[in-house]
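Since the structure comes first, as structure tokens, the remarks are kept for the end.
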Amino acid sequence: MIPYGKQSISEEDIRAVVEVLRSDWITQGPTIEKFEKAIAEYCGVNYAVAVANATAALHIACMALDLGSGDVLWTSPNTFLASANCARYCGADVDFVDIDLQTYNMSTDELEVKLATAKKLKKLPKIVIPVHFSGQSCEMEKIKTLAVKYGFKIVEDASHAIGGKYLQKPVGSCKFSDMTVFSFHPVKIITTGEGGIVTTNDKKLFERLSRLRSHGMTREQTLMHEPSHGPWYYEQIELGYNYRITDIQAALGLSQFQRIDQFVANRQEIAHRYDQAFSSLPITIPFQHRDTYSSYHLYVIRLKLDRIKASHAQVFAELRRMGIGVNLHYIPVYRQPYYRPFGYNSKNFPNAEGYYKDAISLPMYASLTKEDQNRVIDAVETAINIK
Ligand SMILES: *Cc1c(COP(=O)(O)O)cnc(C)c1O
């Protein structure tokens, strides 16, 4: 089976991990800070806090903005569960903004309309999480303008998008947001096994994130409630978690990170080959907004079902049968049994619903060979012609 995504591990990566294993620090050591510094520098952002996974990153990002019971967080329905769950961890409510028909990102027009309504109802969101679906940035400049007008905070879920650009600047620069989150799960652009990071330009948020990652503890005298009792002394000044990443993982991440631009260039090339191969088929290829440079975590096609005899499910099953590990990103989050009792109406999300009926994610990863890609292309042609 050709998977839809997978990691690329080099001998160099393995050496970097072994080196840390032989060192004094396998966690809470210097490699984590090196990894954070490297990511921050690349993104052109002041601070980065590495954590156990992007789900933890989203959770502490929401906590750092004091999200709590009675608050509302808005995100895209076309995302992984974690972009919504982070609000629930904080006791806040979740609402969704329908997606754009071209980019499959949260629709900025829809966001604007929904905000105007929410203002009248006095139910404005405290945080909006735009998700850079498939690695293509949302229209952050416009979202930032709306944030200023309506007074919400922005956490970019850039789990798909490290190595991508928006208006010539790296995703993660936080030029138009309070914080950005990346994931280092093996299917994402670079991996640490499990891992995630939050970037920010705000020193206060950085300090809070660092504390929340490690039990809410501090050794900072100015933050302590009592004078220090001695060199052993620390205080827990709020409730945090153990969301730390290890130096072993950071070493893998740092080593992977040396090849990030190559990884993204490979993904771009693969995307262009797919684009060309599908140009005359009854398939919609991924639209690219001129302000963005996508890291292509995913390559999603949409079937023009009115021109294909087979159904979506049949094409999907046929591709799997032929050994192509296709997938579907994503089931709209509000459809999940956990979220259903909150009373979302699928009629409010016609674009996410339409997308779910005909989208298919094809294999896309930096080490996908031309031969394997040709197999995928041939299989797609065959699958859409079955009756
Ligand atoms: C992968 C992913 C996450 C969660 O990442 P983990 O590192 O697995 O916790 C969150 N949001 C999106 C959009 C993702 O794709």
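Values as computed for the structure displayed
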| item | result |
| --- | --- |
| For peptides 103-111, 130-138, 33-41, 78-86, sequence by mean Cβ density within 10 Å, most packed first | 130-138, 78-86, 103-111, 33-41 |
| Length gained when the stretch Ser346-Gln168 is fully extended (0.36 nm per residue, less Cα-Cα span) | 60.5 nm |
| Electrostatic dipole magnitude of the stretch 1-159 [Cβ: Lys, Arg +1; Asp, Glu -1; Cα centre; debye, to 20] | 580 debye |
| Within the chain, helix-based [θ] at 222 nm, where runs of 4 or more DSSP H residues each add -39,500 (n - 2.57), nearest 500 | -11500 deg cm²/dmol |
| Per residue accessible area of the chain, 1.4 Å probe, in Å² | 45 Å² |
| Ordering of 365-376, 338-349, 264-275 by burial proxy (mean other Cβ atoms within 10 Å per residue, highest first) | 264-275, 365-376, 338-349 |
| Within the stretch 236-373: Cβ-based charge dipole about Cα centre, in debye rounded to nearest 20 (Lys, Arg +1; Asp, Glu -1) | 500 debye |
| Whole-percent carbon and sulfur share, accessible surface of the stretch 194-327, 1.4 Å | 52 percent |
| Prolate/oblate/rounded label for the stretch 96-152 (Cα gyration tensor, a/c 1.5) | prolate |
| At R0 = 45 Å, FRET efficiency that the Cβ-Cβ distance of Glu220 and Glu112 yields, to 0.05 | 0.65 |
| Dipole in debye (nearest 20) - the chain, about Cα centre, beta carbon charges: Lys, Arg +1; Asp, Glu -1 | 920 debye |
| Cα lying deepest toward the dipole's positive end in the stretch 251-384, options Val333, Ala359, Tyr293, charges on Cβ | Val333 |
| Anisotropy class of the chain from Cα gyration tensor, a/c 1.5 cut | oblate |
| Reach of Lys357 by Cα under 25 Å, taken over lysines that are not fewer than 8 positions away in the same chain | Lys114, Lys188, Lys304, Lys309, Lys347, Lys387 |
| Carbon/sulfur fraction of accessible area - the stretch 12-131, other protein chains in place, 1.4 Å, % | 51 percent |
| Angle between the chain longest axis and helix 247-257 axis [Cα atoms, degrees, rounded to 10] | 50 degrees |
| Global geometry of the stretch 119-173, whether rounded, prolate or oblate, following the gyration tensor of its Cα atoms and the 1.5 cut on a/c | prolate |
| Amide N of the stretch 235-277 lying under 12 Å from the label point, which is placed 7 angstrom from the Cα of Glu11 along Cα→Cβ | none |
| Additional length obtainable on full extension of the chain from Thr27 to Leu305, 0.36 nm per residue less Cα span | 94.9 nm |
| Percent accessible area from carbon and sulfur atoms, the stretch 329-387, protein chains only, probe 1.4 Å | 50 percent |
| Distance from the stretch 122-167 to the stretch 236-272 (C-alpha centre basis), Å | 21 Å |
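The values are calculated or read from the model by the stated rules, or taken from the named source; none is laboratory data. Just so it is clear, the structure is predicted and the values come from calculations on it, not from any experiment. Note that each Cβ is placed from the backbone with ideal geometry, even for glycine, and that neighbours are counted across all protein chains shown. Remember, those area values only see protein heavy atoms, side chains included, never the ligands or the DNA or RNA. Shrake-Rupley method; radii C 1.70, N 1.55, O 1.52, S 1.80 Å.
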